[in-house]
Amino acid sequence: MKTTKLASVVAILAALFFTGTAFAQTDPGVRSNTGVNAGQPFASVTASPNDLAFFQTGFAQFNEHQTVTGDNPGLGPRFNLDSCGACHSQPAPGGTSPASGIFPNVGPNPQSQVIANGVVNGSTNTIPYFVQANGPVREARFPFFFDQFGNANHNAPNGGVEDLFTVTGRADAGACSLQQPSFNAARAANNIIFRIPTPTFGTGLMANIDDSTLLANHAAQANNRLGVGGAFNHNGNDGTISRFGWKAQNKSLMIFAGEAYNVEMGISNELFTQDRPLPGEDQMGSGLPANCLNLAGVGYPEDITHSDGTSASTVTSDTALFSVFMQFLDQPTPSTTAPGGATSITNGRRLFSAIGCALCHTPSLTTQASHLTPGLSNAAANLFSDIEIHHMGIGLADNVSQGGAGGDQFRTSPLWGLGQRIFFLHDGRTSNLLSAIEAHQCSGSEATQVEENFDLLSPSQQQDLLNFLRSL
């Protein structure tokens, strides 16, 4: 496969960027959180008392733990966790999945503690086999519905979220009686896949990149001769480019927040107005039982705009506050010296583009003018993503379609903040950055040739590239 030509390219790269004696390349690991790197609002938000009030109120709601009834009502009847911030906490609120022993006061995986913390009743719920104290926060999906024999029916695509826990047995859940999905049976049928939380730092910038900018970037990367194609997932209502979620299935941060509130915590809101049954209960059954409806006792939707609020931020619904919190989170600040030193990071950045990584992981895109806050306006969004969906081949395929994204297509994951992430890829299957890179090479993957270019680098060059990625 063009081995002679690739070897020549690598020889040139070696002459340009070689930094010393070859050595075994390793993932430098999660970068220290010394200093402020991520999780801060834009300076323009801090400078505006009104915007800052919105951000701080959204921050509080993002980290609030929900209950079935009481002051924070609406949890359940099925859910994955009781707080946005519990899932999105590494390395700061708004981030991605935590784990023990990385940063002080972060971890273990909060899903592994729901029985111990009284979030669920241990006599009616068990911790699924794929939830580990030092593993990633996960949601589960069954790619296909099951047939009468318990096998995956490949003629009946599913792909919806199968919430891990139920409120059954909680003191505030009344007579609601629900069983957890049969995750062990799904494992036996090889019919289960996972997703981990996507970090939300800088997502306001992503929301503010015009379609024309994305289309121009796509055109500039065409005819690259490395097998990289790419396409956009489009919103089914207005036809414009959608951009949030692992498959770029959500158009806006408001929809992203509303869906998560409903699907991950079971809380109905002004965007998703009903309690959500599991896919099988909704499409092949009779929905939720009557004794599991309106458990909060407030009617639907449970999260609303508050007409009795006394300020703009207290009038706003929780869903909108989540959106504001994410919208106002600045992009992470990369390190110029760690790990490996400035020379290694600089060399790694050059290699990143030279071998083709930047064809998908576009280093920077410019936002349009913003009506929300100056920090979002005409800014360089250093996201390292083209926001396109790409075929990633059989090794990463999850057989779940969302919008226009098929079973092996995923949005190019933004790399800003990667230096402080613990788990990689859509399902958190590895915490080793080198393994995540290697997973890009498989049958049907657009990134195979680029990954092979990486393999042909010298060990020291590979280390420079790893150091660069961990500096982000």
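The values are calculated or read from the model by the stated rules, or taken from the named source; none is laboratory data. Quick caveat, the model's predicted, so the values are computed rather than measured. Using ideal geometry, Cβ is built from the backbone for each residue, glycine included, and neighbour counts are taken over all protein chains shown. Areas reflect the complete protein model, heavy atoms only, side chains present, ligands, DNA and RNA absent. Shrake-Rupley method; radii C 1.70, N 1.55, O 1.52, S 1.80 Å.
By how many degrees, between 0 and 90 and to the nearest 10, does the Cα long axis of helix 318-327 differ from the longest principal axis of the chain?
With rounding to tens, the tilt is 10 degrees.
Where the only charges are on Cβ atoms (+1 Lys, Arg; -1 Asp, Glu), what is the dipole of the chain about its Cα centre, to the nearest 20 debye?
For this selection, approximately 1280 debye.
For the pair S212 and N224, how long in nm is the line joining their label points, each one 7 Å along Cα→Cβ?
In this crude spin-label approximation the distance works out to 2.4 nm.
At a 1.4 Å probe, what is the % contribution of carbon and sulfur to the accessible area of the chain?
Exposed carbon and sulfur together represent 54 percent of the surface.
Here are several values of log10 I(q)/I(0) by the Debye sum over Cα atoms at q = 0.10, 0.13 Å⁻¹: (i) -0.69, -1.23; (ii) -0.83, -1.40; (iii) -0.76, -1.28. Which one was derived from the coordinates shown?
Calculated log10 I(q)/I(0) by the Debye sum over Cα atoms at q = 0.10, 0.13 Å⁻¹: the matching label is (iii).
Compute the helix-to-body angle for 3-17: its Cα long axis versus the longest principal axis of the chain, expressed 0 to 90° and rounded to tens.
On a 0 to 90 degree scale, this one is about 90.
Find how much the distance from E281 to A43 grows on full extension, using 0.36 nm per residue of separation minus their present alpha carbon separation; answer in nm with one decimal.
Computed gain between E281 and A43 is 81.0 nm.
Rounding to the nearest 10 and keeping the result within 0 to 90°, find how far the Cα-based axis of helix 49-63 lies from the longest principal axis of the chain.
Here the helix axis deviates by roughly 70 degrees.
How many nm separate the modelled label positions at A369 and T240, each set 7 Å beyond the Cα in the direction of the Cβ?
Calculated label separation equals 1.6 nm.
Suppose each label sits 7 Å from its Cα in the direction of the beta carbon; what would the E270-S252 distance come out to in nanometres?
Taking the simple label geometry, E270 and S252 are separated by 1.1 nm.
Between F183, A222, F201, whose Cα lies farthest towards the positive end of the dipole of segment 161-282 when Lys and Arg beta carbons carry +1 and Asp and Glu beta carbons carry -1, centred on the Cα centre?
Of the listed residues, the answer is A222.
Find how much the distance from N184 to S435 grows on full extension, using 0.36 nm per residue of separation minus their present alpha carbon separation; answer in nm with one decimal.
So the chain would gain 87.7 nm between N184 and S435.
For segment 278-327 and segment 343-410, what is the separation of their C-alpha centers, rounded to whole Å?
32 Å
For I304, put the label point 7 Å out on the Cα→Cβ axis and report which residues of segment 45-70 keep their amide N under 18 Å from it.
Taking a point 7 Å out along Cα→Cβ of I304, the residues of segment 45-70 whose backbone N falls under 18 Å are 69-70.
Could you tell me which Cys residues in the chain have no other cysteine's Cβ under 4.7 Å from their own Cβ, answering none if every one has a partner?
By the Cβ distance rule, which asks for a partner under 4.7 Å, the isolated cysteines are C84, C87, C357, C360, C442.
Could you compute the FRET efficiency for Q56 and A290, with r as their C-beta to C-beta distance and R0 at 51 Å, rounded to 0.05?
That pair, Q56 with A290, gives E of 0.80.
To the nearest 10 square angstrom, how much accessible area does F183 have with a 1.4 angstrom probe?
Accessible area of F183: about 10 Å².
So with the 1.4 Å probe, I'd like the accessible area per residue for the chain, rounded to whole Å².
41 Å²
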